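Participant: Please find one structure pasted underneath; my questions will follow.
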Amino acid sequence: MIKPEKTINGTKWIETIQINAEERATLEDQYGIDEDIIEYVTDNDESTNYVYDINEDDQLFIFLAPYALDKDALRYITQPFGMLLHKGVLFTFNQSNIPEVNTALYSALDNPEVKSVDAFILETLFTVVDSFIPISLGITKKRNYLDKMLNRKTKNSDLVSLSYLQQTLTFLSSAVQTNLSELDRLPKTHFGVGADQDKIDLFEDVQIEGEQVQRMFEIETQVVDRIDHTVNSLANNNLNDTMKFLTIWSLTMAVPTIITGFYGMNVKLPLAGMQYAWMLTLGISVALIVAMLIMLKVWRKM
């Protein structure tokens, strides 16, 4: 979808969302955007990047934003969105229709302090970077809940939730890192040439925000990994306890089996003629079981 033209302090803004083949052709024919650029900026597998075409004086920005698969389960991946400055016109590409990107664009548009297209781009990036924070806070809340579950019987649903957290953290941590690397590089590119103080301040604001988000995700990743390690250790310890119990129980049951089997042979055996021989075999079994348990206790196998 190609939305109607808007203006940002005199600069045209063409907003596109999930464009189809016909709309791609419109962008090529009506606005003269190269087909390769459209393919590049709408590719859902692209990573963060900034490209300056010195011949066309075009500037292309691609950044990653969070994309919810299941908000309730905190399942997120990341999807790219693009901004293109072409012949004095700003084009934005939100091929995955990411709500956070739409919010960021209109937040920057409504900001009275945004007085240039460069400021619009930086304010949009700032808001997109900021959109990672609520997800991090949600992960923290879920992580605290799972941490409390360590003192209780762990359910399969808790393990699945922990796995979802790890997957989400993997995707988002990587995106935050690549976004921050590009934000650090932007002031040194053509986009940062001749920047005035206001633009320099915006660069610093978005970089500081990116560093803060990166630290938040680094901490969450470390804590969730520690919880996962603890859960695995507890599971292994519980398995060891179960196997120890079953081993001791098997040894205990083996003693009477041996004694009764020995005296169950159809041959003449010592003491077999006694009136209460069966009590004698029972007493021998009990004595051997007690002796075995004492030895296991002394050898610290119990």
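The values are calculated or read from the model by the stated rules, or taken from the named source; none is laboratory data. Predicted, not measured: the structure shown is a model, and the values here were computed from it. Cβ sites come from the backbone with ideal geometry, for glycine too, and all protein chains shown count toward neighbours. The area values use the complete protein model at the heavy-atom level, side chains included, leaving out ligands, DNA and RNA. Shrake-Rupley method; radii C 1.70, N 1.55, O 1.52, S 1.80 Å.
Participant: Once the other residues with Cβ under 15 Å from the Cβ of Glu5 are scored (Lys, Arg +1; Asp, Glu -1), what is the net sum?
Facilitator: +2
Participant: Just to confirm my numbers, what's the Cα centroid distance between the range 1-73 and the range 216-255 in Å?
Facilitator: Cα centroid of the range 1-73 versus Cα centroid of the range 216-255: 50 Å apart.
Participant: Using per-residue counts of other Cβ atoms within 10 Å, averaged over each peptide, order 112-118, 135-141, 248-254 from highest down.
Facilitator: Packing order, densest peptide first, comes out as 135-141, 112-118, 248-254.
Participant: For the chain, what is the accessible area per residue in Å² when the probe is 1.4 Å?
Facilitator: On a per-residue basis, the chain sits at 58 Å².
Participant: Also, quick follow-up: Keeping all protein chains in position, work out how much accessible area Asp36 exposes to a 1.4 Å probe, and write it in Å² to the nearest 10.
Facilitator: Here the accessible area works out near 110 Å².
Participant: Working with all protein chains in place, sort Val176, Val286 by solvent-accessible area computed with a 1.4 Å probe, largest first.
Facilitator: Highest to lowest solvent-accessible surface, that is Val286, Val176.
Participant: Now for a separate question. Between Asn156, Phe191, Pro99, whose Cα lies farthest towards the positive end of the dipole of the chain when Lys and Arg beta carbons carry +1 and Asp and Glu beta carbons carry -1, centred on the Cα centre?
Facilitator: Asn156
Participant: Tell me, what is the 1.4 Å probe accessible area of His86, in Å² to the nearest 10?
Facilitator: Approximately 10 Å² for this residue.
Participant: Now for a separate question. May I ask you to rank Arg215, Arg185, Arg143 by accessible area, largest first, using a 1.4 Å probe over the protein chains only?
Facilitator: From most exposed to least exposed: Arg215, Arg185, Arg143.
Participant: Carbon-plus-sulfur fraction of the accessible area of the chain, 1.4 Å probe, in percent?
Facilitator: 55
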